[in-house]
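The values are calculated or read from the model by the stated rules, or taken from the named source; none is laboratory data. All values reported here derive from a predicted model rather than from experimental measurement. Here the Cβ positions follow ideal geometry from the backbone for every residue, glycine too, while neighbour counts run over all protein chains shown. The area values use the complete protein model at the heavy-atom level, side chains included, leaving out ligands, DNA and RNA. Shrake-Rupley method; radii C 1.70, N 1.55, O 1.52, S 1.80 Å.
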Amino acid sequence: MQLWKLTLIYLFAIIACTFLLLMDISKWLIFILLFLYVFSSTMYPHFNALLWTNNLKKVEHFLESNKHRSLYAYPYAIAHQTVAEQKAALQKIITSYKQPYVKHNYASILAMLEKDYHRALSEAKQITREPFQSYMIAHSEVFLGNYEQAKALIPKFTEKWMSPSIESLISFKQQDRKNFKYHSTKAIKQARGIQKYLLVYSFQEMEGKMKS
């Protein structure tokens, strides 16, 4: 968020706090009201775009405003930039974040873009958080042609969009347009925020590569 907007938000909060204190309102009530005001003005748009919204225009606006940050540059690149730029965005995440599960997750995605699916699988197995480990392993197995191994991991998925997403990927690899459309639509419907945005543009790219 721009500095001038933050300045106005906190300036208003200070003025409102002074006014409420003069009205002899309970300090706890003042604290709750100010917290809700600051959260709705600063943090809510962030969490909404990340996790909750179905409005892709809001996600697009959020990503465009934050594309200088490595974690948001990648989803923006999927929608608007070349594969080379997507790889550069992924590499920046890998070098910027210290958490091993983040590094291995994005390293697996990068390996897939580079069509090194065995490396993608190796990186996926090093992700220490579920359901992301199982999802990325399944993703890699599909690209390796191991569809049954991928499907065997579906019971471990706790996010509703993951199962139809893997089914969509299998349908894509099998060039089954009908099932691809069915599962991809289901995955998009069940996803929210940036994840919905990623699925929409990833599926659009896959659909464009399918044979008529």
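At a glance:
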{"read-out": "Residues satisfying the stated conditions in segment 108-125, i.e. part of a helix (DSSP H, G or I) and either touching a Gly at 6+ places or on another chain (Cβ under 7 Å) or not small (Gly, Ala, Ser) (or both)", "value": "ILE109, LEU110, MET112, LEU113, TYR117, HIS118, ARG119, LEU121, GLU123, LYS125"}
{"read-out": "Which listed residue, of SER122, SER108, SER65, is at negative phi and open to solvent by less than 40 Å² (accessible area, probe 1.4 Å)", "value": "SER108"}
{"read-out": "Complete set of residues in segment 126-148 that are part of a helix (DSSP H, G or I) and surrounded by fewer than 15 Cβ atoms within 10 Å (Cβ to Cβ)", "value": "GLU148"}
{"read-out": "Some residue of segment 151-160 being touching a helix residue (DSSP H, G or I) at 6+ places or on another chain (Cβ under 6 Å), buried (at least 21 other Cβ atoms within 10 Å of the Cβ) and among the hydrophobic types (A, V, I, L, M, F, W, C)", "value": "no"}
{"read-out": "Residue that is charged (D, E, K, R) and at pLDDT 95 or above, where the choices are LYS189, LYS209", "value": "LYS189"}
{"read-out": "Test for LEU50: is it part of a helix (DSSP H, G or I), modelled with pLDDT under 90 and in contact with a helix residue (DSSP H, G or I) (Cβ under 7 Å, 6 or more places away or on another chain)", "value": "yes"}
{"read-out": "Subset tally (residues that are crowded, with 20+ Cβ neighbours inside 10 Å and within 23 Å of VAL59 (Cα to Cα)) for segment 170-191", "value": "5"}
